[in-house]
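Let me begin by presenting the structure, written as structure tokens, before commenting on it.
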Amino acid sequence: MIVTVPGDKSITQRALILSAIADGASRLRGLLSGADPVSTAGAVRALGVAVPALLPTGAEIVVRGRGLHGLAAPGGALDLGNSGTGTRLLMGMLAGQPFRAVMTGDASLSSRPMGRVTRPLSQMGARFRYLSTEDRLPLEIEGGRLSPLSYELPVASAQIKSALLLAGVAGGVPVLLTEPGRSRDHTERMLAALGSRVHTDGSDDRWRVELREPPERLVPLDVDVPGDLSSAAFLIVLALLGGADGELTVRGVGLNPTRTGVLPVLERMGARLRIDPEPEQAGEPVGSITAGPAALSATEIGAADVVAAIDEIPILAAAAARAEGTTRITGAQELRVKETDRIRALAENLRGVGVRAEELPDGLEIEGSERPLRGEVDALGDHRIAMAFGVLSALSGNDIRVRGREVVDVSFPEFWTRLAELSPR
């Protein structure tokens, strides 16, 4: 069977934000119309940019950018809903704007730390005021004239890195960043497409990213957003675990090398994956991925794996629950500050359906088995937790009910429909 998945959430949000400060009309196709991009689009509109409604079909929209210094002060708070990516990237862009803005979000987003972004932006000259709780939304940002920045990130984070690069672009100042590992590079690729080169070099444990010459203007985008590999991973694991009634091919998936870490982990577990290249989109490598039923075995998933597969750990945990042996995940402490504490959520929900799972300070130990899994799990407002247990619920012999399943609308609105179509149950 051949299927597609919605547009990449990370690329969609970057396309919306960067097209807002480009000079002229950007043409964007294949955008994800999930809740997070919709929130980001709403915030961009509030800054004076004409952004049409995002279409479920992914049909083209035209965003008329206002240039690097043409944004308008918002009339009210910018509500980012559940979008951590939109929030942090917009902080960087707003740091270089000559006005104040208030940023807020839902309960889940308001529980996530913001100091990791506000601290380096404050070093550049932006001013922040927390309006309720220190290090949390809602907050007020006052942008303006910025200073160059040389900064060592405490964790490899595409969101932090992107926020600081956008501050350099909006503020017209150089930025030199060092990461303890290479995080996803969608922002660097898209800036290059807009005419602003970002220099990168380094090794697996030390990665330098440098905006040497901030652009005076950004040219408009003309982008086809590829399918989201993070969404595709759920369907791939469904096929590997025998839940897709045979072989499954997911077409048009983004294969950015900073995003494909889930694939070698699955291959270590025994998956046989066929990857066929397709034409590049938006400066991103694209291809189709084919998977079929496989006997999976446990593996070790370490810090280097986690950096390259941070969003796929929940579905890897689901795969581990049906693999032979005990899978150990370490170096994943960043999962504790996602939409929920994903380490705790995975451990508690896995145990709730009959899987032996131990919570570690920075990860999990999961003992796989073929026993039927039964019980109710709580998505806890996290789309990837809901989808991971959705995959387990679709497997023959299991009886798992997912509470809060509607949260998948954040990144994969058609997930439950697609699961019902693919599963032979």
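In the set 237, 250, 223, which member is assigned to a strand (DSSP E or B), under 28 Å from residue 303 (Cα atoms) and out of contact with any Pro (no Cβ under 8 Å at 6 or more places or on another chain)?
After applying the criteria, what remains is 250.
What single numbered condition from (1) surrounded by 18 or more Cβ atoms within 10 Å (Cβ to Cβ); (2) touching a Lys or Arg at 6+ places or on another chain (Cβ under 7 Å); (3) closer than 26 Å to residue 224 by Cβ; (4) of a type outside the set (Val, Ile, Thr) fails to hold for residue 67?
(1)
Out of the stretch 318-329, which residues are part of a strand (DSSP E or B) and within 20 Å of the chain's Cα centre (by Cα)?
Correct list: 329 only.
When you check residue 32 against the structure, is it at pLDDT 95 or above, over 26 Å from residue 134 (Cβ atoms), more than 23 Å from the chain's Cα centre (by Cα) and in the same structural domain as residue 161 (by TED's automatic domain parsing), yes or no?
No.
Within the stretch 288-307, does at least one residue satisfy the condition of being within 20 Å of the chain's Cα centre (by Cα), of a type in the set (Gly, Ala, Ser) and buried (at least 21 other Cβ atoms within 10 Å of the Cβ)?
no
List the helices (runs of 4 or more DSSP H) inside the stretch 102-193, counting only whole elements, that have at least 3 residues being under 25 Å from the mean Cα position of the chain (by Cα) and surrounded by fewer than 16 Cβ atoms within 10 Å (Cβ to Cβ).
115-124
Any residue in the stretch 277-291 that's farther than 23 Å from residue 237 by Cα and assigned by TED's automatic domain parsing to the domain that holds residue 248: show its pairings with residues that are of a type in the set (A, V, I, L, M, F, W, C) and outside any strand (DSSP E or B) at Cβ separation under 6 Å, as long as the two are six or more apart or on different chains.
That search, which allows pairs on different chains as well, returns 283/193.
For residue 60, all conditions in the list (1) modelled with pLDDT of 95 or more; (2) surrounded by 18 or more Cβ atoms within 10 Å (Cβ to Cβ); (3) of a type outside the set (Val, Ile, Thr) hold save one; what is the number of the exception?
Evaluating residue 60 over (1) modelled with pLDDT of 95 or more; (2) surrounded by 18 or more Cβ atoms within 10 Å (Cβ to Cβ); (3) of a type outside the set (Val, Ile, Thr) leaves (2) as the failure.
Would you check if residue 25 is assigned by TED's automatic domain parsing to the domain that holds residue 105 and modelled with pLDDT under 95?
When the stated conditions are applied, residue 25 does not pass them.
Is it the case that some residue within the stretch 387-404 is at positive phi and in contact with an Asp or Glu (Cβ under 7 Å, 6 or more places away or on another chain)?
Looking for residues that are at positive phi and in contact with an Asp or Glu (Cβ under 7 Å, 6 or more places away or on another chain), one finds at least one in the stretch 387-404, hence yes.
Quick check: anything in the stretch 29-40 touching a strand residue (DSSP E or B) at 6+ places or on another chain (Cβ under 8 Å) and more than 23 Å from residue 8 (Cβ to Cβ)?
no
Restricting to the stretch 269-317, name every residue that is of a type in the set (Gly, Ala, Ser) and part of a helix (DSSP H, G or I).
Once the filter is applied, which keeps residues that are of a type in the set (Gly, Ala, Ser) and part of a helix (DSSP H, G or I), the stretch 269-317 yields 303, 304, 308, 317.
The values are calculated or read from the model by the stated rules, or taken from the named source; none is laboratory data. All values reported here derive from a predicted model rather than from experimental measurement. Backbone-built Cβ (ideal geometry, glycine too); neighbour counts: all protein chains shown.
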